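The block underneath contains the structure these notes are about, expressed in structure tokens.
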Amino acid sequence: VEYRPLEDTVDPSNMLCAGKVCLSLSVCLQRSHVLSNLTLPVKPESHKRSSRSRWAFTFSVGDLRSITVREEGWTFLICKLKDSSSLPALHFHQGGSREFLDNLRRFALLTESLDDETCLLLSTPNKTLSQSFENLLDDNNFGIKFRKDPYVTTLGGFSKVTNYLFDALRGAEEQHQRPPEEVADLLGEVIPGLEINQQEEPGFEVITRIDLGTRPQVTRREPLSVEDWAKYQDPEGRMINISQLKQAIFKGGLYHAVRKEAWKFLLGYFPWDSTLEERKALQRTKTDEYFRMKLQWKSVSEEQERRNSRLRDYRSLIEKDVNRTDRTNRFYEGIDNPGLVLLHDILMTYCMFDFDLGYVQGMSDLLSPILYVMENEVDAFWCFVSFMDQMHQNFEEQMQGMKNQLIQLSLLLRLLDLVFWNYLESQDSGYLYFCFRWLLIRFKRELSFQDVLRLWEVMWTGLPCQNFHLLVCCAILDSEKQKIMEENFGFNEILKHINELSMKLDIEEILQKAEGICLQIKGCKVRSAAQVGVLRSFNSSTVSVPET
């Protein structure tokens, strides 16, 4: 971070700075533009000196310990370095403090202090871990930074997550003990339906031991057929007995002939209580809306696009990704395949629908199965829109959804198998970075194409609990823990082993085990016992995850 005086464009006498003279400054971040004008208070006798460079200074983000945000009619920031020294307060009289902090988050994680909500603590990259990731692959293309290209960085040969994610997760854990009611609330939010006994006996400090009991045996059923689906419709086409229908889908999935209609309901494109005629009217309206948006990018001339860098970048990324998405599937294989054209056009139109997000690499993986099932451009688009409503946070620049899910997953594994979690933690893998690809695109690269269809329709039922996809992760890890621990895998070996599971997983076995784990957790009892052990606390910032 560099602070340097600007030309005298601001009259210091007009600055409200508690009687202190202020110099106008520009704040720059490495690889970033000038963010905002602000003022730096200086001693009254000092402003008369002619040497303006006297007030310029720089420091490394890595040397910054905390930033305290204060308000006095305007915002000012107090920066403290790791050596306990303080920098001059930075006064943002003309605004821009939020933009400064937002850009600073590109280089470090800012987390709210548990002791002072106005104080933001900084975490910066761990060089050793970063180097470990860099050594995983010889292919130089994987040197692309995670924050700029999560798709290439994490969906290649290995789930390669750079120091940006590492710091995001490391910074989220604070070594402060929480009262039992907070731990109970956190567990209850992550695992809906979990009932926790919060009554403490005299002399006991926290919830300390979890009795998970025996994991229930779970059976799967046959997929729902066309005939079965018809039984859940009334004469006007409304769906009836929705809870029972969702349960049937969760337990067995759908035969392919049912998916084209059923997925529209599961994704929220069709309301469950709509009649057949109402759905036809909705499709006509949505068709008109879709082609109006499609015309927006279709009608952009080459000359216009030369002056629209964002649209140009979106198109370039989409064309590159479309040409490598599911090309072994008959629906997308070959040159000049009409399926590829539809994939491209839907993704381009989505950029018009949500221009702020636009296109991020990995989204083509989410659209491909939907288009395959729908075989219709308009229906596929609106189903994709509904799916993206759930997945949006995964692809936002800050990727808060991904950070939250990895934190929650770590909490769940710690609850389920503390011995295994401790082993992973000893190998710098306690935050389960190797699960990043699973969560980013919902196991799309881990399962065969048909198994992906089965898994997604099961998850879209919302049963048997929120965040069921996290329990799917736990089920896979539960199956692999013996090999990982017996062979004493280190950080790199764990990452390599997990990625080599791709296309080797049995979806029915995974779903069976994940449901059993959910029932086991819901039936568990949490008891207090004097210092038998302590559930480690997590950062109290948002831990919500988009529902699936």
In region 255-394, lysine pairs with alpha-carbon atoms under 20 angstrom apart (chain gap of 8 or more, or interchain): 8
Qualifying trypsin sites (Lys or Arg not before Pro) for region 302-354 [loop in DSSP, other Cβ within 10 Å: at most 16]: R307, R324, R327, R330
Treating only Lys and Arg (+1) and Asp and Glu (-1) as charged, each at its beta carbon, one finds that region 400-538 has a dipole about its Cα centre, in Debye to the nearest 20, of 520
Region 391-466 versus region 269-333: alpha-carbon centroid distance in Å: 28
Counting only protein heavy atoms and leaving out ligands, DNA and RNA, the solvent-accessible surface of M503 at a 1.4 Å probe, in Å² to the nearest 10, equals 110
Quick one: what Rg and Dmax do you get for region 400-538 from the alpha carbons, in Å? 15.1, 50
Can you pick out the pairs among K403/K444; K403/K522; K251/K496 whose Cα atoms lie more than 22 Å from each other? K403/K522; K251/K496
For G430, what residues show an amide H to amide H distance below 5 Å, using hydrogens built from the backbone and excluding near sequence neighbours? E425
Table column - 3J(HN,Hα) (Hz), region 260-270, Karplus curve with 6.51, -1.76, 1.60, x for Gly and Pro: 4, 8, 5, 4, 5, 6, 4, 8, x, 5, 9
If I compute solvent accessible area with a 1.4 Å probe over the protein chains, what percent of it on region 255-394 is carbon and sulfur? 49
Taking placed amide H atoms and a strict 5 Å upper bound, the residues 5 or more places from L224 or on another chain that come that close are G253, L254, Y255
Can you tell me the order of 296-304, 397-405 when each peptide is scored by its average per-residue count of other Cβ atoms within 10 angstrom, highest first? 397-405, 296-304
Report in % the part of the accessible area of region 400-538 that belongs to carbon and sulfur, leaving out ligands and nucleic acids; probe 1.4 Å. 49
Which whole-number value in Å² is the accessible area per residue of region 255-367, probe 1.4 Å? 53
Extreme residue, positive dipole direction of region 400-538, given options L447, H497, C465 (C-beta unit charges): C465
Calculate one ³J(HN,Hα) per residue across region 214-220 by plugging θ = phi - 60° into the Karplus curve 6.51 cos²θ - 1.76 cosθ + 1.60, and present them in order as whole Hz with x for glycine and proline. 7, 6, x, 7, 10, 10, 9
Any idea what the dipole of region 255-394 comes to, in debye rounded to 20, about its Cα centre with Lys/Arg Cβ at +1 and Asp/Glu Cβ at -1? 140
Between region 348-373 and region 54-89, the alpha-carbon center distance in angstrom: 41
Can you list which of the GluC sites (Glu not before Pro) found in region 454-514 are DSSP loop residues with at most 16 other C-beta atoms within 10 Å? E487, E500
If you count only protein heavy atoms and use a 1.4 Å probe, how large is the accessible surface of V61, to the nearest 10 Å²? 20
Can you give me the accessible area per residue for region 400-538, using a 1.4 Å probe, in Å²? 32
Starting from the Cα of S243, step 7 Å along the direction of its Cβ; do the same at E508; then give the gap between the two resulting points in nm. 2.9
J(HN,Hα) series, region 103-115, from Karplus relation 6.51 cos²θ - 1.76 cosθ + 1.60, nearest Hz, glycine and proline x: 6, 4, 5, 5, 10, 7, 8, 10, 10, 6, 5, 5, 8
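The values are calculated or read from the model by the stated rules, or taken from the named source; none is laboratory data. The structure presented is a predicted model; accordingly, all values stated were derived computationally and were not measured. Cβ: placed from backbone, ideal geometry, glycine included. Neighbour counts: every protein chain shown. Protein only, heavy atoms only, side chains kept; ligands, DNA and RNA dropped before computing areas. Shrake-Rupley method; radii C 1.70, N 1.55, O 1.52, S 1.80 Å.
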